[in-house]
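> Just passing along the structure, written as structure tokens.
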Amino acid sequence: MARLILWAILIVIIARSLSRLLRGVLEGAGYIRDNAPQRSVGLVRDPVCGVFVVPGRALHDGTGEATRYFCSEDCRRKWMKR
């Protein structure tokens, strides 16, 4: 009886794994899409090293139009020394 239960659990795990794999492949190929619209995020460029960063996660200096965004504290320090 225990062997039957273990086989059933194994079959369920394999079936779920294959199902998730197939869904991931179909989503990646563009056949399945969520109903939620994709939100794009505008990136800003670090003036020191040129890396693009998300404004919400970046370090910043200044306000309004004069705001500069940085990828790291090191880049911010370099900008402040200029």
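Every read-out reported here was derived from the displayed coordinates using simple, explicitly stated rules and does not represent laboratory data. Keep in mind that what you see is a predicted model, and the values were worked out from it rather than measured. Cβ: placed from backbone, ideal geometry, glycine included. Neighbour counts: every protein chain shown.
> Consider Val53 carefully, then state whether it is of a type in the set (Val, Ile, Thr) and surrounded by 12 or more Cβ atoms within 10 Å (Cβ to Cβ). Can you show your working first?
Working: of a type in the set (Val, Ile, Thr): yes; surrounded by 12 or more Cβ atoms within 10 Å (Cβ to Cβ): yes.
For Val53, the condition - of a type in the set (Val, Ile, Thr) and surrounded by 12 or more Cβ atoms within 10 Å (Cβ to Cβ) - is met.
> Being assigned to a helix (DSSP H, G or I) and of a type in the set (A, V, I, L, M, F, W, C) is the filter here; which residues of region 25-82 pass it?
Narrowing region 25-82 to residues assigned to a helix (DSSP H, G or I): 25-29, 64-66, 73-81.
Residues satisfying the conditions are Val25, Leu26, Ala29, Ala66, Cys75, Trp79, Met80.
> Moving on to the next point. Name the residues in region 56-82 that are surrounded by 10 or more Cβ atoms within 10 Å (Cβ to Cβ) and β-branched (Val, Ile, Thr), would you?
Hit for region 56-82 is Thr67, nothing else.
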